[in-house]
Structures are given as C-alpha cells and as structure tokens.
Amino acid sequence: MLTTALAVVHVRRKPNKVAPFAMTRAILILLLSTLSAFAGDAAWPGVKFSEIRAYAWPDDKSTEAVILDGMALKEGCINPDGAVLTPEQTTALIAAVTGKHPDYPVAACHIPHNAFVFYDAGKKPVAFVEICFGCSNHRITADGSAENLDLVAIAKIFDAHKLPMGEYRDLVAFKKHFDDLQKMAKEAANDK
C-alpha cells in the first residue's frame, strides 16, 4: 500500500514540475514578442525604433500636413512632448496600419490633425503615420502599409491618451461619424 501511495505521489508531482516550466516558457515568449514589437523589430515600418509618440493638433481646416520636412512637427501641437505608446498600443498601431482592413469611403482631401512618430534610440524620428480622421485619409513614410487603415483602432489609441481626433473630441464622436459614413456608403452602393 505504501508503494502505491508513493507511485501516486510521484505521478502527481511530475505534471506539477512540468506545468510551471511550460507556464514560465509561455510567459517568457509572450514578453519577448511584446518587447521585440516595442523595440522596433517588427517587419513594419522597416526601420529600427525604440518608441512611438502620439501627437494631436487643434481642429484647423487649413492644415495640409502636421509632419513637415525632416519629420519635424508642425507648430501648435496640443501635446508637443507627445504621448508615449505602451507596448500594447504599439502592437495595435502596427496591426492597424498593416494587413487587410475593410474598405471605407475616403475623401479626396487630407487635412490631418493627428500623427504617430516613430523614434530611434537617439530620439531621432525615423517614420511617421499622419491621419485625417475627418477625411479618413492618411500619409505614411514606410512602404508596406495597408491601403485602408483600421481607423477605429487608431482612434482608440488617441482616445486612451485623451487626445482629440480633429473635430472629434473622443472615440465615441469619431465612431459615430465613421459608422454614419459607412452606412451612407452602403446605402449609395445599394441604390446603384
């Protein structure tokens, strides 16, 4: 009877030794993948970066660009130091600007009020994403970005930092505009 009890204890202990190792390994892989995306090892934007900062400008209908030559910021930025993206926001941003996303109407204009700037370890800008939420348009330095961005995912990042999206003060206001735009486009397509 004692031998049977020892065998049972041994069998029960073996999975307990494996489970912590497997869990530790899974956590380590997750952390490394998150850190590598944050450290700029992602395939897009094709340059090494150490951080991404989100910027917003006041609603001005005459703006043609908020990222100027040399990747300088246009004057008048609401948050001139930028809002540093978390590793999760970095991953979400890269997913939102790459891959396949549903079509949506895009206006012929580009009046941006928001941008993300990617910086290297020396705080030098190396890439950017400039967004016009009103026109659903964008300008990006890096090749390989999606034709259509996931604008709602991008708006969530600005909203998390309490930054407006042009004329839209928050995610709720932008989402209403975006949903209305998609509804009108669908109705127009059904009328043809």
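The values are calculated or read from the model by the stated rules, or taken from the named source; none is laboratory data. The structure displayed is predicted, hence computed values, not measured ones. As a convention, Cβ positions derive from the backbone with ideal geometry for all residues, glycine included, and neighbour counts pool all protein chains shown. Calculation scope for accessible area: heavy atoms of the full protein, side chains included, ligands and nucleic acids excluded. Shrake-Rupley method; radii C 1.70, N 1.55, O 1.52, S 1.80 Å.
Structure values in brief
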| item | result |
| --- | --- |
| For Val126: the one exception among (1) under 16 Å from the mean Cα position of the chain (by Cα); (2) not in a loop (DSSP other than H, G, I, E, B) | (1) |
| Criterion: of a type outside the set (D, E, K, R) and within 18 Å of Leu163 (Cα to Cα) - qualifying residue of Val106, Val84, Val97, Val47 | Val84 |
| Residue in segment 112-121 that is open to solvent by 10 Å² or more (accessible area, probe 1.4 Å) and over 26 Å from Pro80 (Cβ atoms) present | no |
| Within segment 130-151, considering residues that are of a type in the set (Asp, Glu) and open to solvent by 10 Å² or more (accessible area, probe 1.4 Å), the one nearest to Val117 (Cα to Cα) | Asp143 |
| Filter result for the condition that a residue is closer than 15 Å to Leu163 by Cβ and in contact with a Ser or Thr (Cβ under 6 Å, 6 or more places away or on another chain), over Ile131, Ile111, Ile52 | Ile52 |
| Residue within segment 75-85 that is within 13 Å of His138 (Cβ to Cβ) and buried (at least 16 other Cβ atoms within 10 Å of the Cβ) present | no |
| Qualifying positions in segment 40-64 - modelled with pLDDT under 95 and either part of a strand (DSSP E or B) or open to solvent by less than 50 Å² (accessible area, probe 1.4 Å) (or both) | Gly40, Ala42, Trp44, Pro45, Thr63 |
